[in-house]
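The values are calculated or read from the model by the stated rules, or taken from the named source; none is laboratory data. Since the model is a prediction, treat every value here as computed from it, not as a measurement. So basically every Cβ, Gly included, is an ideal-geometry build from the backbone, and we count neighbours across all protein chains shown. When the accessible area is computed, the model is the full protein with side chains, heavy atoms only, and any ligands, DNA or RNA have been set aside. Shrake-Rupley method; radii C 1.70, N 1.55, O 1.52, S 1.80 Å.
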Amino acid sequence: MAGKVFFHVSMSLDGFIAPESLGDLMGRQWMELQHWIFPQRFFRENLGLGEGGEEGRDNDIVRETFERTGASVMGKRMFDAGEQMWPEKAPFHTPVFVVTHEKRDPWKRPGGTTFHFVNDGIATALDLAREAAGGRDVRIAGGGATILEYVNAGLIDEFSIALSPVLFGSGIRLFEGVDASRVALEPIRSEPSPRVTHLTYAVRPRR
């Protein structure tokens, strides 16, 4: 039985998930947006940042998101940024399918992550990811434009947002350009923590 297709992102209160410029990634605003995740024990261990860290519901959500994911899909913009920032043992530990026009052989990293470069669009990337996931869920890792393409194509089953008490003012807005006439949402969970509010929705076709 096929798993779900989902995404999980941190979002500012005014609806942004990243700065406009790749050069501003890891900048002050982005670090504030992601402030909730960096202290978490599972996140620190997965990225090789050292032992220790916080345990609690935030940490559980980070771990659960990782454990449900059998394969990931991402856009070229996210891959380009991550290629420079991820450690040698990239943090996915599963197959990752990069939607791109670039032709490139698979890139295998230590720790179980292999990046595959897909030139035939989002549907082909998702088909390959489903097959690789072996019944587990497929995560649409980002960035915002890629997530939006999957939402507008009706290919997302569920998503979660870590709503952070930060204002961006500008940048990449998660739902900029969404086809709202096709998308209906069903609330599943709302979980506040001391750092963020976790919101989870099922996605349904609008009738």
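Observations
- Note that segment 9-55 carries a Kirkwood radius of 11.7 Å, evaluated over its alpha carbons pair by pair.
- 19 Å cut-off, amide nitrogen to a point 7 angstrom out along ASN119 Cα→Cβ, residues in segment 39-76: 74-76
- q = 0.11, 0.14, 0.27 Å⁻¹, segment 57-126: log10 I(q)/I(0) [Debye, one scatterer per Cα]: -0.28, -0.44, -1.28
- All C-alpha to C-alpha distances of segment 5-105, sorted into 5 Å bins beginning at zero, yield P(r) values of 2, 10, 18, 24, 24, 15, 5, 1, 0 percent in whole numbers.
- Full-stretch length increase - ASP60, ALA180 - with 0.36 nm per residue and alpha-carbon distance subtracted: 40.0 nm
- Across HIS8, HIS35, HIS116, the residue with the most accessible area heads the list, and the full order at a 1.4 Å probe is HIS35, HIS116, HIS8.
- Inter-centroid distance (Cα atoms) of segment 141-207 relative to segment 1-74, Å: 15
- Whole-number D in µm²/s for the chain (Stokes-Einstein; Kirkwood sum over Cα pairs; 10 °C, 1.306 mPa s): 91
- Charged neighbours of SER12, selected by a Cβ distance under 14 Å, balance to -2 (K, R count +1; D, E count -1).
- Residues with amide H under 5 Å from that of ASP137, placed H, sequence gap 5 or more: LYS4, GLY70
- Long-range amide H partners of ALA18 with built H, under 5 Å: ILE172
- Among residues other than LYS108 with Cβ under 14 Å from its Cβ, the summed charge is 0 (Lys and Arg +1, Asp and Glu -1).
- Here is the result for segment 129-161: no trypsin sites (Lys or Arg not before Pro) lie in DSSP coil with at most 14 other C-beta atoms within 10 angstrom of their C-beta.
- For GLN40, net neighbour charge (Lys/Arg +1, Asp/Glu -1) across residues whose Cβ lies under 15 Å away: -4
- Oblate is the label for segment 140-207, because the ratio a/c of its alpha-carbon gyration tensor axes (a ≥ b ≥ c) is 1.5 or higher and a/b is not greater than b/c.
- Rounded to whole Hz, the Karplus (6.51, -1.76, 1.60) HN-Hα couplings of segment 27-34, x for glycine and proline: x, 4, 4, 5, 5, 5, 4, 8
- P(r) histogram, all alpha-carbon pairs of segment 95-186 included - 5 Å bins from 0, percent: 2, 11, 19, 22, 18, 14, 9, 4, 0
- Once each of the GluC sites (Glu not before Pro) sitting in a DSSP loop with at most 13 other beta-carbon atoms within 10 Å is removed, the chain keeps 103-175 as its longest stretch.
- Between LYS108 and ASN152, the C-beta separation translates, for a Förster distance of 45 Å, into a calculated FRET efficiency of about 0.90.
- Helix runs (DSSP H) in the chain reaching 15 Å along axis by Cα, Kyte-Doolittle at least -1.0: 122-133
- Segment 12-94: trypsin sites (Lys or Arg not before Pro) falling in loop per DSSP and having at most 16 other Cβ within 10 Å: LYS89
- Scaling against 2.2 N^0.38 Å puts the C-alpha radius of gyration of segment 35-158 at 1.06.
- Inter-site label distance for ALA145 and TRP86 at 7 Å from Cα along Cβ, in nm: 1.9
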